[in-house]
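> There's a structure below that I have some questions on.
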Amino acid sequence: AEYQEPQDARRTDVTYDDLGGLGDTINQLREMVELPLRYPELFQRLGVDPPRGVLLHGPPGTGKTRLARAVANESDAQFFLINGPEIMGSAYGESEKRLREIFEQATKSAPSILFIDEIDSIAPKRGQVTGEAEKRIVAQLLTLMDGLEPRTNLVVIAATNRPDAIDEALRRPGRFDREIVIGVPDEKGRREILGIHTRGMPLGDDVDLDELARTTFGFVGADMAALTREAAIEAVRRIMPKIDLEEGTIPPEVLEGVRVTRDDFLG
Ligand code: ATP
């Protein structure tokens with residue numbers, strides 16, 4: 001039979017250069033994830049087990065998913081994604097089955113990174129208000145983590161913005177025993193993120209990215225991405241009258257001449 005790409009496997013093209021303001025975080029992940037994935041023999045030689053699970057915590061929109069994709073790509077690993085809330089929606093027994101299947105696929109396709117987004121929704125603290133279904137899924141996840149062979153070249157990265165809401169058993173040694181905190185970017189970080197998102201954008205001479213970074217206190221990466229997208233849409237609106245919709249083409253001088261200006265950014 002013909003070889004079939006595992007359904008959820010993805011080779012992504014995101015690189016570390018596509019992440020702004022995360023220099024330290026990237027270094028930590030390189031050491032914890034990329035190194036063992038690329039050079040398992042080094043860890044074997046030293047006689048230690050490489051990390052199994054890494055927990056990323058930080059506010060929404062700070063680049064956790066993008067970071068996991070970048071590490072996978074830069075480590076030449078397959079990328080598998082589990083979305084917490086999505087997997088919880090399935091019928092009785094289905095969620096555990098899905099989890100088992102994805103772990104199995106990721107193991108087979110190793111080296112791989114299995115990314116669990118919003119892990120708090122699949123592994124909330126047991127005991128409180130958790131129903132039977134949730135308890136079973138947490139248990140299944142723990143079983144799967146514990147069942148990974150030491151030689152399996154697979155790292156599970158989980159993301160949450162509520163680290164204290166997840167079951168403590170997940171943080172025991174051999175499970176998610178490494179944690180990386182991702183914060184809201186500072187001005188320098190925002191400047192880097194702006195640089196990334198305006199990379200392919202024809203900017204007007206009046207656009208001052210330093211100024212924009214200064215005046216966007218509290219913005220996370222997702223907000224900066226939205227800001228640049230909105231600015232581009234403003235620029236499109238501005239040149240719309242110059243486009244002859246009947247004609248169906250944009251005059252080359254209009255296309256060449258289009259710029260995203262300071263006012264477009266300021267909305
Ligand atoms: P959530 O917790 O809501 O899933 P997240 O932390 O996983 O969010 P991403 O989904 O990775 O965030 O980011 C959303 C989008 O925001 C990205 O696709 C990217 O365009 C932009 N973005 C976020 N953080 C950064 C960053 N540090 N550098 C560049 N772009 C970023």
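> Would you grab the residues whose amide H sits under 5 Å from the one on residue 260? Only those 5+ places off in sequence or on another chain, please, with H modelled 1.01 Å from N.
203, 204
> Oh, and also: For residue 172, enumerate residues with amide H under 5 Å from its amide H, sequence gap 5+ or separate chain, H modeled in the peptide plane.
Amide H neighbours of residue 172, under 5 Å, 5+ apart: none.
> Sticking with this structure for a sec: May I ask you to give the percent of accessible area on the chain that is carbon plus sulfur, with a probe radius of 1.4 Å?
49
> A further question on this structure: Can you work out the accessible area per residue across the chain, with the rest of the protein chains kept in place, probe 1.4 Å, in square angstrom?
54
> Where the centroid of each part is defined by its Cα atoms, how far is region 40-91 from region 140-162 in Å?
Taking the Cα centre of each part, region 40-91 and region 140-162 sit 9 Å apart.
> Right, another one. Ratio of Rg to Rh for region 170-267, alpha carbon only, Kirkwood?
Ratio of gyration radius to Kirkwood radius: 1.20.
> Arrange the residues 216, 15 by how much accessible surface each exposes, largest first, with a 1.4 angstrom probe.
Per-residue accessible area, sorted high to low, gives 15, 216.
> Could you check the simple spin-label distance between residue 245 and residue 229, using points 7 Å along Cα→Cβ, in nm with one decimal?
2.3
> Measure nothing but the geometry: give the 0 to 90° angle between the long axis through the Cα atoms of 132-147 and the longest principal axis through the Cα atoms of the chain, rounded to 10°.
Around 80 degrees separate the two axes.
> Okay, moving on. Run lengths n ≥ 4 of DSSP H only: what is the helix-derived mean residue ellipticity at 222 nm for the chain, with -39500 (n - 2.57) per run over all residues, to the nearest 500?
Calculated mean residue ellipticity at 222 nm is -12000 deg cm²/dmol.
> Counting pairs of alpha carbon atoms under 8 Å apart in space and at least six apart in sequence, what relative contact order in percent does the chain give?
24
> Right, next: Can you give the accessible area of residue 190 in Å² (nearest 10), computed on protein heavy atoms with a 1.4 Å probe?
Answer for residue 190: close to 10 Å² accessible.
> In addition: For the charge dipole of the chain, defined by +1 on Lys and Arg C-beta atoms and -1 on Asp and Glu C-beta atoms about the Cα centroid, which residue among 26, 224, 148 has the Cα displaced farthest towards the positive pole?
148
> Using modelled backbone amide H atoms (1.01 Å from N, in-plane), which distant-in-sequence or interchain residues come within less than 5 Å of residue 54's amide H?
156, 157, 158
> Next question. Full-extension gain between residue 100 and residue 196, please, as 0.36 nm times their residue separation minus the C-alpha to C-alpha distance.
30.9 nm
The values are calculated or read from the model by the stated rules, or taken from the named source; none is laboratory data. Quantities reported herein were computed from a predicted structural model and do not represent experimental measurements. Positions of Cβ are generated from backbone atoms using ideal geometry, with glycine treated the same way; all protein chains shown enter the neighbour counts. Ligands, DNA and RNA are excluded from the accessible area calculation, which covers all protein heavy atoms including side chains. Shrake-Rupley method; radii C 1.70, N 1.55, O 1.52, S 1.80 Å.
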